[in-house]
Amino acid sequence: MTYQPIENYGIIGNMHTVALVGINGSIDWFCMPSFDSPSVFGAILDEAKGGHFKIAPTADGVTHKQIYWPQTNVLVTRFLSPDGVGEVTDFMPMETEKPLDNHEHNELVRRVNVVRGTMRFRMECFPAFNYGRDSHQVVVIPESGAYFTSPTIWLQLSTEVTLHREFTGPEGARREGMAAEFTLLEGQTVAFAIGEVCEQCGDYLPPYSHVVSQQIFEDTVNYWRRWLATSTYRGRWREIVERSALVLKLLTYQPTGAIVAAPTCSLPEELGGERNWDYRYTWIRDAAFTLYALLRIGFTEEAAHFMDFIEARASEINPAAGDGFHLPLPGRLGRGGSASPPLQIMYGIDGRHDLTEVTLEHLDGYRGSRPVRIGNGAYNQLQLDIYGELMDAVYLYNRYGRPISYDFWTHLRGLIDWVCDNWNRPDDGVWEVRSGRAHFVYSKLMCWVAIDRAIRVADARAFPADRQKWYTTRDRIYEDIMKRGWSDKRRAFVQAYGSDNLDAANLIMPLVFFLAPSDPRMLQTLDAINRSPEEGGLVSNSLVYRYDVQASPDGLRGEEGTFNICTFWLVEALTRAGWSDRSRLDQAQLVFEKMLSYANHLGLYAEETGHSGEGLGNFPQAFTHLALISSAFNLDRALDGIH
């Protein structure tokens, strides 16, 4: 095996977990039973020790293609050779689609068929439980597959193909797995399924015949098509908007409504570098962007489910009484402020608070990019911006979804009082720097948003609030940003007070109605950011860096690629400026169209785009797809002359 480029993968899932399927037919990332469970296939983080599940032709000179079955999350990997054309169709049945035995299984199905000629395939299934840390045993089931038993989870591989045992991995760390070689003629199909089973309760996967797999395939296709049919988006770029919506649905954890930032961990922002993080959690920051994107294209049920998750987190404490989380924050509070922050910046998909960061020393990392981290040490950072994103989400949901409850308001009211008392503290910032705290302009901006949206909700619903305090503090923040966040030298809003460095996060200002998009200061900031790095800006041929890592050290070594979400923020800022200047609207469309060309072959985006156009960082990135939907929606309306 050799490492596939990050962009060479597609994903399948069932709103509990996902699998990454390479164009070579190998599943190199799969966590069971949930997004943030330990991996059972993790070759993307260590091809020798991580484990994989590969089905591919045995012949040389085979070319590959990958497509999604139209309007679904069913993935087809096609192999073309002089002898014929074969396909592997991968999907995970949805919880609502019951198999023939009427049991619900968390499983992955792989259907192999030949559509032309003859093709010989090889199947390799070599799990590596608990990120390759746990050993396992294999129990062969004659004529129907095998069990893989580990200390924490049992998996069953079910198939009608005859299997045999094999070993893989380096000496001293060899693992036992199952393999098979088989030949299919035109029109023939075989199926494999792997899923979690309960030996004690006698719950097993059914025999996976062609008939069984065909029915489950059709049920899964119908599920995704029914869901996508509820979208109300009919504008330009509809196909890519719908693909982004399908990605977001896959990244939703059905039991709680949480949406993971990405389903992977430790895919590097720089090959060989240390910027490797675990994104299998839910960030409060994503709330407003998620609600806005989902509501704009008609997915009100998903927006409501995610808001339920957010409400549960905001209701776990009583900030009005001054209570903070029980998690200790030694040495993290910095200067100013009198209490621990009432919310964490991120949570587990089940709502848990402790996301302790651990390094997996035994794994080499993607193409040698170490360390490999699970957990995320930023969970106990102080990031003041999250309250603005939370309240913007509440405002949007109260206006376009359903009215929030009084009980929810009592918790939110306490949060806003806390923001009024703590907005002037330095924090770790939206980019989660590890270089120490500063007075980041974006953090101040979002504190202003938090109070502004709270005032709007209170007035719309006649909710009780300390309005005088809120109005006064909101105005103080505004004037503070205009005075200390503006650089006469750069003629732009800067990253932090006392700095002359730029930050793409400030492109958000007109999006949250802090400044009019045609305000001279906003236009100058937009122009400053929209210059090349050589000219002091952050934009390289339409792709946007979040900041200059050399001018703004963030406590980490190395470089990074352009940030995909920042490019879509540039589109949004140009679009709004284009309401009064058609040339900026034309530029917004050009930047958007160029950005679409950096998606992978399936329309998926990683967190960043590298210097050679490659995908970098965790994949696929929910934030990027949220921003794509938002920018497409607003750009389409602007091009039609709709404000």
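Quick note: the coordinates plus some simple rules give every number you see, no bench work behind them. Only a predicted model underlies this, so the values are computations on that prediction, with no experimental measurement involved. FYI the Cβ positions are ideal-geometry reconstructions off the backbone, even for glycines, and counts take in every protein chain you see.
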**Selected from Ser213, Ser631, Pro620, residue furthest toward positive end of dipole (the chain; charges at beta carbon)** = Ser631
**Residue (of Gly272, Phe299, Tyr395) at the positive-pole extreme of segment 238-639, dipole from beta-carbon charges** = Tyr395
**Fill in**
Per the helix-only model, the chain has a calculated mean residue ellipticity at 222 nm (DSSP H runs of ≥4, -39500 (n - 2.57) each, divided over all residues, rounded to the nearest 500) of -9500 deg cm²/dmol
**Asked** Taking Cα atoms, how many degrees apart are the long axis of helix 441-461 and the longest axis of the chain, rounded to 10 and kept between 0 and 90?
**Response** 80 degrees
**Request:** Bin all alpha-carbon pair distances of segment 492-643 at 10 Å intervals from 0 and give each bin's fraction as a whole percent.
**Result:** 11, 43, 35, 10, 0
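Which order do peptides 551-560, 7-16, 582-591 fall in by mean Cβ count within 10 Å, highest first? Show your work: numbers first, answer last.
On the way: 551-560: 14.8, 7-16: 22.6, 582-591: 17.4.
Per-residue mean Cβ counts within 10 Å order the peptides as 7-16, 582-591, 551-560.
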**Item:** Value of relative contact order over the chain, rounded to a whole percent, pairs C-alpha under 8 Å and six or more apart
**Value:** 12 percent
**Message:** For Cα pairs less than 8 Å apart in space and 6+ apart in sequence, what is the mean separation divided by the residue count of segment 390-494, i.e. the relative contact order in percent?
**Reply:** 27 percent
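I need the peptides 465-474, 293-302, 350-359 ranked by packing, meaning the mean over residues of other C-beta atoms within 10 angstrom, with the highest value on top. Numbers along the way, then the final one.
Details: 465-474: 15.7, 293-302: 21.0, 350-359: 13.4.
Most protected by this proxy first, the peptides run 293-302, 465-474, 350-359.
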**Prompt:** Hey, any idea what the orientation-averaged projected area of the convex hull of segment 215-269's Cα atoms comes to, in nm²?
**Reply:** 5.9 nm²
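Given Cβ point charges of +1 (Lys, Arg) and -1 (Asp, Glu) and nothing else, what value in debye, to the nearest 20, does the dipole of segment 5-114 about its Cα centre take? List each step's numbers first, then the result.
On the way: 7 positive and 14 negative charges, 43 e Å.
For this selection, approximately 200 debye.
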**Prompt:** Tell me, what ³J(HN,Hα) does each residue in segment 269-278 have, in order and in whole Hz, if you take phi through Karplus 6.51 cos²θ - 1.76 cosθ + 1.60 with θ = phi - 60° and put x for Gly and Pro?
**Reply:** 7, 8, 4, x, x, 9, 7, 10, 10, 9
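Would you work out the charge dipole size for the chain about its Cα centre, treating the Cβ of every Lys and Arg as +1 and the Cβ of every Asp and Glu as -1, and quote it to the nearest 20 debye?
Numbers: 60 positive and 81 negative charges, 332 e Å.
The dipole of the chain has a size of about 1600 debye.
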**Message:** Show me, for segment 617-628, the HN-Hα J-couplings you get by feeding each phi into the Karplus relation (A = 6.51, B = -1.76, C = 1.60, θ = phi - 60°), rounded to Hz, glycine and proline as x.
**Reply:** x, 5, 8, x, 9, 4, 4, 5, 6, 4, 5, 4
**Message:** Run the reach check for Lys594 against lysines, Cα to Cα strictly under 24 Å, same-chain hits fewer than 8 apart removed. What comes back?
**Reply:** Lys65
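How big is the dipole moment of segment 128-201 about its Cα centre under a simple scheme where the beta carbon of each Lys and Arg is +1, that of each Asp and Glu is -1, and everything else is neutral? Debye, nearest 20, please. If you can, show how the numbers build up before the last one.
Working: 4 positive and 10 negative charges, 55 e Å.
Dipole of segment 128-201, to the nearest 20 debye: 260 debye.
Answer rounded, prolate or oblate for segment 6-228, using the Cα gyration tensor with square roots of eigenvalues a ≥ b ≥ c: rounded when a/c is under 1.5, else prolate when a/b is larger than b/c, else oblate.
Working: a/c = 1.36, a/b = 1.11, b/c = 1.22.
Taking the square roots of the gyration eigenvalues as a ≥ b ≥ c, segment 6-228 is rounded.
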**Folded to 0 to 90 degrees: helix 300-314 orientation relative to the chain principal axis, Cα** = 70 degrees
**Request:** Please determine, in degrees from 0 to 90 and to the nearest 10, the orientation of helix 564-577 with respect to the longest principal axis defined by the Cα atoms of the chain, where the helix direction is its Cα long axis.
**Result:** 40 degrees
**Asked** Can you give me the relative contact order of segment 512-643 as a percent, contacts being Cα pairs under 8 Å and 6 or more apart?
**Response** 21 percent
**Prompt:** Given H placed 1.01 Å from N in the peptide plane, which residues other than close sequence neighbours of Asp278 have an amide H under 5 Å from its amide H?
**Reply:** Ser266
**Message:** Give the lysines reachable from Lys469 as a straight Cα distance under 22 Å; neighbours fewer than 8 places away on the same chain don't count.
**Reply:** Lys444, Lys483
**Prompt:** What residue among Thr58, Tyr366, Trp418 has its Cα farthest toward the positive end of the dipole of the chain, where the charges are +1 on Lys, Arg and -1 on Asp, Glu, each on the Cβ?
**Reply:** Trp418
